[in-house]
Each structure stands twice: as C-alpha cells, then as structure tokens.
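Engineer: Sharing a structure with you now.
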Amino acid sequence: MKPTSTEIALLENALVAIEKVLAHADSELMDAPYLGPTANMPLEAMCSATQAEQRRFLKSPAQSAINICLSSAAALVDVSQALLHRNREHNEAELEREWQALITHTKIASRSAYRAALLMAAQQNVLQAQGQDDEHRQPPVLR
C-alpha cells in the first residue's frame with residue numbers, strides 16, 4: 001500500500017493533537033501538590049516512572065487511565081507512520097530489525113492500554129476514581 005499525502009497528514013495531525021492533550025494535562029498537573037506514592041499506582045510503575053509520569057498517576061485513577069491511553073495511542077500512531085514510511089532501500093537484515101522494533105512498540109502500547117483497563121477495574125469507588133468528591137456529587141435525576 002502506497003501512502004497518500006492525506007493519510008500522512010491525518011496521522012501527523014492525530015499525533016500532534018494527542019501530544020497537545022498530554023502537554024495540557026501535564027501543565028495542569030504541575031500545579032497539583034505532589035502526594036507521594038498511592039495505592040492506585042502499581043509499584044513497578046512507581047519505580048520506573050519519571051517525576052512527570054508519577055504526577056500523572058497521582059491526580060486520579062481516571063486521569064491516569066486517560067494519560068496512559070493517550071500515550072498508548074500516540075505510540076500506535078507512531079507505529080502507523082513508520083509502517084507508511086517504510087524504507088524499502090534497506091537490506092533484508094535492517095528491514096527485519098525495523099519490523100521487530102515496530103512489533104515491540106505495538107506490544108508495549110497494547111500492554112499500556114491494558115494497564116489502564118486494570119487500573120480502572122481495580123477502583124471500588126467510581127466517583128473517587130474520577131477525582132470527584134462525594135459532597136459535590138449531584139443527586140441522581142429521577143425520570
């Protein structure tokens with residue numbers, strides 16, 4: 001499949017949009033107090049995460065899931081761009097190495113999305129997981 005300029009432009013726009021949302025979320029989290037490790041953040045994630053990544057986990061489980069999913073989506077858009085821009089001039093060994101790298105990136109992105117699902121599924125209090133206080137909760141609308 002030969003990529004069209006429209007496909008290339010759309011993928012680039014998608015990646016830019018995802019990066020803007022992530023940057024916006026990071027800038028909002030810069031003002032949030034650092035709370036330290038929480039029960040909602042997996043130990044292996046806390047150990048390997050940078051300080052910016054740690055702040056993403058500390059906002060709320062919902063915000064964490066959003067950021068994980070967006071990061072995963074950005075990685076998959078990157079993989080898609082690489083697949084569209086395959087350089088057929090490389091020798092067979094280089095093509096194989098690039099292909100294996102794309103497979104690895106795709107696996108990592110899918111595992112990240114799965115981690116977001118596990119994070120969401122582990123929440124006992126949905127309102128609290130979404131960062132909402134019970135006292136600010138609107139009463140249910142009865143119809």
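Engineer: Tell me, yes or no, whether region 33-46 has at least one residue that is under 17 Å from Gly131 (Cβ atoms) and at pLDDT 90 or above.
Structural biologist: no
Engineer: For region 87-101, indicate whether the set of residues that are touching a residue at least 12 places away in the same chain (Cβ under 8 Å), hydrophobic (A, V, I, L, M, F, W, C) and touching a helix residue (DSSP H, G or I) at 6+ places or on another chain (Cβ under 9 Å) is non-empty. I'd like the intermediate steps shown before the answer.
Structural biologist: Narrowing region 87-101 to residues touching a residue at least 12 places away in the same chain (Cβ under 8 Å): 98.
In the following step, the residues that additionally are hydrophobic (A, V, I, L, M, F, W, C) were identified as none.
Among the residues of region 87-101, not one is touching a residue at least 12 places away in the same chain (Cβ under 8 Å), hydrophobic (A, V, I, L, M, F, W, C) and touching a helix residue (DSSP H, G or I) at 6+ places or on another chain (Cβ under 9 Å), which makes the answer no.
Engineer: Inspect all residues belonging to region 119-128 and state whether any of them is under 18 Å from Pro3 (Cα atoms), assigned to a helix (DSSP H, G or I), in contact (Cβ under 8 Å) with a residue 60 or more places away in the chain and hydrophobic (A, V, I, L, M, F, W, C).
Structural biologist: Here is the first cut: in region 119-128, the ones under 18 Å from Pro3 (Cα atoms) are none.
There is no residue in region 119-128 that is under 18 Å from Pro3 (Cα atoms), assigned to a helix (DSSP H, G or I), in contact (Cβ under 8 Å) with a residue 60 or more places away in the chain and hydrophobic (A, V, I, L, M, F, W, C).
Engineer: For region 66-94, what are the residues that are at pLDDT 90 or above and aliphatic (A, V, I, L, M)?
Structural biologist: Listed by number, the residues that qualify are Ile68, Leu70, Ala73, Ala74, Ala75, Leu76, Val77, Val79, Ala82, Leu83, Ala93.
The values are calculated or read from the model by the stated rules, or taken from the named source; none is laboratory data. Predicted model only: the values in this text are computed from it and were never measured. Don't worry about glycine lacking a Cβ; one is built from the backbone with ideal geometry, like all the others, and counts go over all protein chains shown.
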